[in-house]
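Trainee: Okay, here's the structure, questions in a sec.
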Amino acid sequence: MKLRQGLLAQSLLSAPLVAGYLLCAAPVMAQPVQGLYIAGEGGATFNQDQQVRASSNLPSGRDKWHAGGIGLGSIGYGLGNGFRVEVEGDYRSMAYKRFIADNVSGRADGRRQTAGVMANALFDMDVGQPWIFPYFGAGVGYGWTKLNTSFTAPNGQLSQQTRGTFGNFAYQGIFGLSFPTPWVVGLSFTAEYRFWTMLGPQSHSTLAYGTVGGNNNQPKSAGWASGNRDTKTDFNHSLMLGLRYEFNPAPPPPPPPSETPAPAPQAARSYLVFFDWDKSDLTDRARSIVSTAALASTHTTLTRITVSGYTDNSSAHPGQKSGEEYNMKLSLRRAEMVKAELVRDGVPGTTIDIHGYGETNPLVKTGPNTKEAQNRRVEIIFR
């Protein structure tokens with residue numbers, strides 16, 4: 001019997017792990033319970049030994065019970081912030097195992113049935129995983145225990161029958177796990193543990209015959225005895241699996257914005273190469289810029305490369321006309337020097353067009369005959 005109870009408990013405890021594995025494999029977006037819901041659960045229930053109080057007529061000792069079954073149904077309301085309240089009806093049933101006393105042993109038979117109505121308050125915890133929500137809570141209410149048991153000891157020591165129903169205030173503690181399903185919105189599997197107790201002592205009508213009676217189970221003359229048999233320490237533990245359905249589940253949160261990768265930086269399509277005054281030869285800095293442009297041309301879609309030379313409006317040869325003519329030729333020499341450097345860096349010369357524009361199109365507007373470094377340049381443009 002102990003092996004069977006152990007296997008039952010093991011099965012109930014392992015079922016949430018299996019459900020969690022299956023649900024984790026599917027995408028689920030769940031929110032705390034919101035609005036009206038119903039739930040149902042069932043499983044195994046275990047009662048601790050109950051102390052039988054001594055009386056003047058009936059023997060004292062302990063009642064032991066087999067593992068039994070439990071079923072319950074509830075209707076509740078979720079506030080949408082993790083808290084929810086519910087009303088529950090529950091039923092437990094288990095078989096009488098034996099009566100334990102110092103000098104009495106025998107055969108036990110019959111059942112114990114318990115029903116209750118409870119009001120519960122619970123809180124669902126968000127642990128950052130959309131497929132599992134632990135919860136805990138407590139409840140208060142009223143319960144009824146119905147006994148229909150018998151106990152028979154050999155040799156006429158004791159034959160006892162207990163009947164009747166006793167009701168009293170009850171309370172319980174709850175801890176569970178809910179697993180929202182990805183297949184039905186609002187439906188969740190539940191796995192739960194409950195501790196339940198009813199205040200006592202609980203009194204049930206008993207009729208006994210034998211040679212063992214009250215006063216600490218002292219021997220007595222064979223005869224009948226009757227009265228209320230009082231028990232206490234009614235501590236019950238239950239393991240259950242169930243389903244819960246929300247009629248108005250909260251909408252899932254919007255999916256996080258997709259992270260679009262930033263576009264790869266585009267290679268520059270124009271480069272500026274600057275020159276010293278009245279010079280067309282390339283400085284080290286200018287050669288570095290031309291090399292960069294040559295490398296970029298191998299990674300850029302283009303059809304032509306335009307190389308345009310410019311000067312500032314000062315001249316080594318004074319005079320407006322002669323100065324403009326000189327600067328026009330100087331700008332062309334600068335463009336030719338840049339083209340030659342591009343070709344040395346691997347750019348096909350057939351793709352390069354060169355132009356000399358002299359003093360026109362300055363980057364910086366200046367007065368006449370002004371030396372301006374930014375206007376002494378060659379522009380490399382990919383087309």
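Trainee: Just name the residue that is surrounded by the fewest Cβ atoms within 10 Å (Cβ to Cβ) out of those in region 267-290 that are out of contact with any Phe, Trp or Tyr (no Cβ under 7 Å at 6 or more places or on another chain) and assigned to a helix (DSSP H, G or I).
Mentor: ASP284
Trainee: Do the conditions hold for ARG285, that is, is it basic (Lys, Arg), at pLDDT 85 or above and touching a helix residue (DSSP H, G or I) at 6+ places or on another chain (Cβ under 7 Å)?
Mentor: No, not satisfied.
Trainee: Take TYR357 and tell me if it is under 18 Å from THR283 (Cβ atoms), aromatic (Phe, Trp, Tyr) and assigned by TED's automatic domain parsing to the domain that holds ASP276.
Mentor: Numbers: under 18 Å from THR283 (Cβ atoms): no; aromatic (Phe, Trp, Tyr): yes; assigned by TED's automatic domain parsing to the domain that holds ASP276: yes.
Considered against the rule, which asks whether it is under 18 Å from THR283 (Cβ atoms), aromatic (Phe, Trp, Tyr) and assigned by TED's automatic domain parsing to the domain that holds ASP276, TYR357 comes out as no.
Trainee: Based on this model, can you work out whether VAL364 counts as under 16 Å from PHE274 (Cβ atoms) and among the hydrophobic types (A, V, I, L, M, F, W, C)? Let's see the steps before the verdict.
Mentor: Working: under 16 Å from PHE274 (Cβ atoms): yes; among the hydrophobic types (A, V, I, L, M, F, W, C): yes.
Yes: the conditions hold for VAL364.
Trainee: Identify, please: which residue in region 298-328 is part of a helix (DSSP H, G or I) and more than 18 Å from ALA373 (Cα to Cα) and is, among those, modelled with the highest pLDDT? Even if it seems obvious, please write down each step before you answer.
Mentor: Here is the first cut: in region 298-328, the residues part of a helix (DSSP H, G or I) are 320-328.
Now narrow it down to the ones that are more than 18 Å from ALA373 (Cα to Cα): 320-322, 325.
Values: GLN320: 63, LYS321: 67, SER322: 77, GLU325: 85.
Ranking the candidates gives GLU325 first.
The values are calculated or read from the model by the stated rules, or taken from the named source; none is laboratory data. Here the structure is a predicted model, which means the values were calculated and not measured. Quick reminder, even Gly has a Cβ in these numbers, built from the backbone with ideal geometry, and neighbours come from all protein chains shown.
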